[in-house]
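FYI, it's all coordinate maths here, none of it is from the lab. All values derive from a computational prediction rather than experimental measurement. No Cβ is skipped: glycine too gets one built from the backbone with ideal geometry, and neighbour counts run over all protein chains shown.
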Amino acid sequence: MTGKAETQKTPPQPGEWTECDVIILGAGIGGSITGAILARQGADVVLVDAGQHPRFAVGESQNPQLVEWLHILAVRYDVPELKHLLDIKAVTKHIGAHHGRKQSFGFVRHVPNREPDPGEATMFVIPKMLTEASHMFRQDTDTYYFNVAAKYGCTLRQNWRATDLDFDDEGVTVTGQNGEVFRAKYLIDASGFRSPLAQKFDLRDKPTRIRHHARSMFTHYVGIKPYDDVCGYPDALRPPAESPFHGGTLHHLIERGWFWIIPFDNYKNSRNPVCSVGLTFDERLYPQPKDKTPDEEFQHYLDMYPAVKRQFEGARRVREWISTPDRIQYSSKQTVGDRWCLMSHAAGFVDPLYSRGLSNTFEVVDALCYRVLDALRDGDFSAERFAYVERLEQGLLTYNDMIVDSSYIAFSHFRLWNAVFRVWACFTTPATMRQIQARQEYELTGDDQHFRNMEKAPYPGLWWPDSHAFKHLLDVTHETCMKYEAGEIDGDKAADIVFQAINDCESVNTPFGWKDGEDHRFYRATTPTMIKFMWWASTNGPKEMRDLGRSMLKGVAKSAVRGKKVS
Ligand SMILES: Cc1cc2nc3c(=O)[nH]c(=O)nc-3n(C[C@H](O)[C@H](O)[C@H](O)COP(=O)(O)OP(=O)(O)OC[C@H]3O[C@@H](n4cnc5c(N)ncnc54)[C@H](O)[C@@H]3O)c2cc1C
């Protein structure tokens, strides 16, 4: 990779272009927020998109880390509008009444042609004391942040497809399909899978290094019934009354695949009857049929899973299916170069399971933006300055692949799933706490070093990147699942190994119940549980937990005085 264009024709010349500091390809939520941040911090930004807002996009379900990354970006880069995504009340007030709440990640296991066993469901309720999450109706959120980018001074172009990129030692020249040319010092490609930059420099791994396999079909419906109303489970086997299945994102797990149900109608002030629906499944087991429409194919799978089918009785589809013929995994051998960055969704993708896409995007935005601003000040855009972004982007793909691959393997065996689910969930809270800790310290001192220190973690991209114990647990989990997949051990043996590894891991906390017996399936950390957890972390927890626990306890004490959540 030279970073230089292999030009076949004369590139545009000075006088034929408009100059700027940074050009961003793709004005989805990722590109628009990046543009808003850089412009807010004084950069001259051009933000272009091949399409036009409002437009449909997937990536509707938040996770707690995403919410906290947005909070960090809001304070670190002084873009208060980012706080409008921090909880459903704020989203509804500032962006509109079209979004849902996400109280939980619920998982129900199904086998073909049978009623699901009510004992084969798990749930992680997002601890409200730390963060709340939402289901974002992306056509509205993306339009809103596109307008925020405009407010902070980005030059905008819609229906403007970047067709030519030419790099030289002084900058990058980007030509649109209409012949208009921009000349920038730095290029951020936030255009997703069809990235012109990946194409230009042949950046994709061929084949992808992602082990996991899946294709996807998705759309929007109205009239989807809450699963709670149709499942017929006895009361004792339902999730806690405060967090029904319909209160969050519901995952119906099948052999090597899952349906998602993401309601936008589950918040009391929502006026949006729509529900996002998708089916993501291993294309080796479920190849796209040539003789069926997407409706027919989807109906075929609904017919196999009676309880899922009941949710769809009387429901109507309100937009066309998007159905990918091939797997949706891709990765890139390089994600930063001299004067360019392939940002998160343009760099690679694993699977929507666990809703990590946007959280990954905004972790990258956070690491990228201050580097771009520093580079603009210094006039040095060399790839070395962005080496951490490269490590982060590759790590995000690698660790996400490990947990998703393990999960798909485990879908066929409930005990193993129950164990893998715990591995994913048990580190979600410390992961969010480390972000909150850095933000609180920054807010107290104004010292950006608190954020920069987060980058010293040994495993960038792991959701709790500081923890050797967690890295080990994830390694054991993935190795064990692969052995089960290869037929070297049976499902019970695999489950025993992962449960044992959880029990042996001193960083897995007991107050939440992660080490409880296997019949503990719904995890809802109330405020007293959270306080017990922080107390455990700061007194009995291992060293890597202690600091987190103590600083969070301090935060709790202050918030209690103010009568607010930890913020
Ligand atoms: C099936 C599926 C489900 C998902 N579900 C979730 C989820 O629940 N939660 C989650 O967090 N993430 C999810 N993701 C990931 C999520 O969709 C992405 O992380 C997110 O959309 C990235 O936002 P973005 O703004 O970076 O890119 P996008 O929203 O993809 O926007 C890219 C923009 O680039 C523009 N563009 C493309 N080519 C060009 C060009 N040549 N010139 C100019 N503009 C161009 C496009 O028009 C588009 O507007 C999912 C992904 C998939 C595939």
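Could you tell me which GluC sites (Glu not before Pro) in segment 384-491 are loop residues by DSSP with no more than 15 other beta carbons within 10 angstrom of their beta carbon? Intermediate results must be reported in sequence, preceding the final value.
Details: sites: E384, E390, E393, E441, E443, E455, E479, E485, E488; in loops: E455, E488.
Filter output for segment 384-491: E455, E488.
Among Q62, S382, N178, whose Cα projects farthest towards the positive end of the dipole of the chain, with charges put on the beta-carbon of Lys, Arg (+1) and Asp, Glu (-1)?
The one lying farthest along the dipole's positive direction is Q62.
Name the residues whose placed amide hydrogens come within less than 5 Å of the amide hydrogen of W340, ignoring near sequence neighbours (fewer than 5 apart) on the same chain.
The list, which skips near neighbours in sequence, is L187.
So if each residue of separation counts as 0.36 nm, and I subtract the Cα-Cα distance between K290 and N269, what length gain in nm does that give?
Working: separation 21, 0.36 × 21 = 7.56 nm, distance 4.23 nm.
Net length gain for the segment: 3.3 nm.
Rounded if a/c is under 1.5, else prolate if a/b is larger than b/c, else oblate: which is segment 191-251, with a ≥ b ≥ c the root eigenvalues of its Cα gyration tensor? Please report the intermediate quantities before stating the final value.
Working: a/c = 3.90, a/b = 2.78, b/c = 1.40.
Prolate, because a/c is 1.5 or more and a/b exceeds b/c.
Rg and Dmax of the chain over Cα atoms: what are they, in angstrom?
23.2, 73
Once you have the Cα-Cα distance between A557 and D378, take 0.36 nm times their residue separation minus that, and quote the gain in nm to one decimal. Working shown, then result.
Working: separation 179, 0.36 × 179 = 64.44 nm, distance 4.22 nm.
Length difference between fully extended and current span is 60.2 nm.
How would L397, L302 line up from fewest to most surrounding beta-carbon atoms within 10 angstrom? Working shown, then result.
Numbers: L397 26, L302 17.
So the ranking, lowest neighbour count to highest, is L302, L397.
Is there a pair in K333/K471; K83/K268; K206/K333; K102/K225; K206/K456 whose C-alpha atoms are over 19 Å apart, and which pairs would that be?
As for pairs spanning more than 19 Å Cα to Cα, those are K333/K471; K83/K268; K206/K456.
Set Lys and Arg Cβ to +1 and Asp and Glu Cβ to -1, take the dipole of segment 305-420 about its Cα centre, and tell me which of L396, Q334, L358 lies farthest positive.
L358
Could I have the simple spin-label model distance between D547 and Y370, label points 7 Å from Cα toward Cβ, reported in nm to one decimal?
For the pair D547/Y370, the computed spacing is 1.5 nm.
In straight Cα distance, which lysines are under 18 Å from K554, not counting same-chain residues fewer than 8 positions off?
Reachable lysines: K128, K532, K543, K564, K565.
Please give the contour-minus-distance gain from N178 to E488: 0.36 nm per residue of separation, less the Cα-Cα distance, rounded to one decimal in nm.
Details: separation 310, 0.36 × 310 = 111.60 nm, distance 5.78 nm.
Once the chain is fully extended between N178 and E488, it gains 105.8 nm.
By a straight-distance test (C-alpha under 12 Å), which aspartates and glutamates pair with K309 as possible cross-link partners, with residues fewer than eight away in the same chain excluded?
The qualifying aspartates and glutamates are E115.
Quick one: what are the phi-derived ³J(HN,Hα) couplings along segment 119-125, Karplus 6.51/-1.76/1.60 with θ = phi - 60°, whole Hz, x for glycine and proline?
Whole-Hz 3J(HN,Hα) from phi for segment 119-125: x, 10, 9, 9, 8, 10, 8.
Karplus couplings for segment 467-480 from phi (6.51 cos²θ - 1.76 cosθ + 1.60, θ = phi - 60°), rounded to Hz, Gly and Pro as x?
Values, residue by residue: 9, 5, 5, 5, 4, 5, 4, 5, 4, 4, 4, 5, 4, 5 Hz.
Using a Förster distance of 22 Å, how high is the FRET efficiency between K456 and D78, based on the Cβ-Cβ distance and rounded to 0.05? All intermediate terms of the calculation are to be shown ahead of the outcome.
Numbers: r = 24 Å, r/R0 = 1.11.
So the FRET efficiency works out to roughly 0.35.
To the nearest 20 debye, what charge dipole does the chain have about its Cα centre, counting +1 at the Cβ of each Lys and Arg and -1 at the Cβ of each Asp and Glu?
Numbers: 68 positive and 74 negative charges, 290 e Å.
Charge dipole, the chain, about its Cα centre: 1400 debye, nearest 20.
Treat every Asp and Glu Cβ in segment 413-567 as -1 and every Lys and Arg Cβ as +1, leave all other atoms uncharged, and give the resulting dipole magnitude about the Cα centre to the nearest 20 debye.
On the way: 21 positive and 20 negative charges, 195 e Å.
For segment 413-567, the charge dipole is close to 940 debye.
In bins 10 Å wide, starting from 0, what share of all Cα pairs of segment 413-567 does each bin hold, as a percent?
Each 10 Å bin holds this share of Cα pairs: 11, 36, 32, 15, 5, 1.
Under a plain spin-label model, where a point goes 7 Å from the Cα along Cα-to-Cβ, how far apart in nm are D168 and D235?
Label-label distance for D168 and D235, simple model: 7.7 nm.
Out of residues 5 or more away from R256 or on other chains, whose amide H comes under 5 Å of its own, with H placed 1.01 Å from N in the peptide plane?
F411, S412
Given just the C-alpha atoms of segment 44-128, how large is their convex hull per residue in cubic angstrom? Please list the in-between numbers first.
Values: hull volume 14.5 nm³, N = 85.
Dividing the Cα hull volume of segment 44-128 by its residues yields 170 Å³.
Quote the FRET efficiency, to the nearest 0.05, computed for E16 versus K333 with a Förster distance R0 of 51 Å and r equal to the Cβ-Cβ distance. Could you put the intermediate results ahead of the total?
Details: r = 33 Å, r/R0 = 0.64.
E between E16 and K333, to the nearest 0.05, is 0.95.
Would you kindly derive the ³J(HN,Hα) couplings of segment 394-402 from the backbone phi angles with the Karplus curve 6.51 cos²θ - 1.76 cosθ + 1.60 (θ = phi - 60°), listing them in order in whole Hz, with x for Gly and Pro?
Per residue, the Karplus-derived 3J(HN,Hα) values read 5, x, 4, 5, 4, 6, 5, 4, 4 Hz.
Give me, ordered by chain and number, the residues 5 or more places off S61 or on other chains with an amide H under 5 Å from its own placed amide H.
Here M136 satisfy the definition.
Among P239, H252, A190, whose Cα lies farthest out toward the positive end of the dipole of the chain, if unit charges sit on the beta carbon of Lys, Arg (+1) and Asp, Glu (-1)?
Of the candidates, P239 comes out farthest on the positive side.
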